[in-house]
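I have placed the structure first, in the form of structure tokens, so that the comments after it can refer back to it.
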Amino acid sequence: MKEKVVFLVVFAAAMAFVEAAVVVYLRDLLGGGPLFPMKDLSPKLLAVEIVREGATVVMLLCAASLSFRGGARRMGAFLLAFAVWDVFYYVWLRVAIGWPSGLSDWDILFLIPLPWVGPVWSMLLICVGMLVYSVLFLRAPEDAPFAPGARGWAAGAAGALAVIGTYIHEWVKIG
């Protein structure tokens with residue numbers, strides 16, 4: 001299992017570099033403030049960006065599904081890959097362009113269903129939670145399903161909606 005985790009981490013870190021490179025190119029083309037001018041994106045480019053972000057999640061899901069058997073372990077692999085990808089995304093941006101200059105810098109975190117904005121530290125804190133849960137899920141027996149039950153799904157959905165709603169609300173305030 002350790003070898004699979006290592007490959008998944010390497011995949012996520014490499015994928016994060018590709019994602020960071022896209023942002024470097026966009027910032028160079030559009031101008032580079034902390035929240036590069038999203039309103040300057042053409043509708044076509046914005047659509048491509050939204051689909052690219054969706055494709056990123058699909059790639060993480062596929063890598064997680066190919067890495068492990070059992071619903072719980074696959075969920076753990078997805079959370080691990082997502083967290084590593086997100087952390088390394090900021091690492092690579094820092095290496096490539098010196099941004100973010102600190103954890104309190106604001107960023108456009110995601111575009112689906114609407115832009116999410118918030119400080120970098122907040123996304124990294126969520127990544128810590130994903131890493132903790134990834135370890136718990138990866139320790140599950142191989143045949144363990146991912147079955148949190150109705151209360152678990154409800155709690156997870158409520159928490160996710162609260163976080164996403166907060167990020168989107170911030171975009172509405174500044175957008």
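For VAL9, are the conditions met, namely being β-branched (Val, Ile, Thr), over 21 Å from ALA160 (Cα atoms) and crowded, with 16+ Cβ neighbours inside 10 Å?
Details: β-branched (Val, Ile, Thr): yes; over 21 Å from ALA160 (Cα atoms): yes; crowded, with 16+ Cβ neighbours inside 10 Å: yes.
The answer is yes for VAL9.
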Would you confirm whether any residue within segment 80-97 is surrounded by 15 or more Cβ atoms within 10 Å (Cβ to Cβ), in contact (Cβ under 8 Å) with a residue 12 or more places away in the chain and more than 14 Å from ALA16 (Cβ to Cβ)? no
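Do you know which of the residues in segment 89-116 that are hydrophobic (A, V, I, L, M, F, W, C) and in a loop (DSSP other than H, G, I, E, B) is modelled with the highest pLDDT?
First, the residues of segment 89-116 that are hydrophobic (A, V, I, L, M, F, W, C): 91-93, 95-97, 99, 103, 106, 108-112, 114, 116.
Filter once more, keeping what is in a loop (DSSP other than H, G, I, E, B): 99, 103, 111-112, 114.
Details: TRP99: 90, LEU103: 94, LEU111: 87, ILE112: 90, LEU114: 85.
Result: LEU103.
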In segment 122-160, anything in a helix (DSSP H, G or I) and farther than 30 Å from ASP105 by Cα is listed as LEU136, PHE137, LEU138, GLY149, ALA150, ARG151, GLY152, TRP153, ALA154
Is segment 10-27 home to any residue that is touching a residue at least 60 places away in the same chain (Cβ under 8 Å) and basic (Lys, Arg)? yes
| task | Inspect all residues belonging to segment 17-36 and state whether any of them is modelled with pLDDT under 80 and touching a helix residue (DSSP H, G or I) at 6+ places or on another chain (Cβ under 7 Å). | result | yes
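The values are calculated or read from the model by the stated rules, or taken from the named source; none is laboratory data. The model shown is predicted, which means the values in this text are computed figures rather than measured ones. Here the Cβ is made from the backbone with ideal geometry for all residues, glycine too, and neighbour counts use every protein chain on show.
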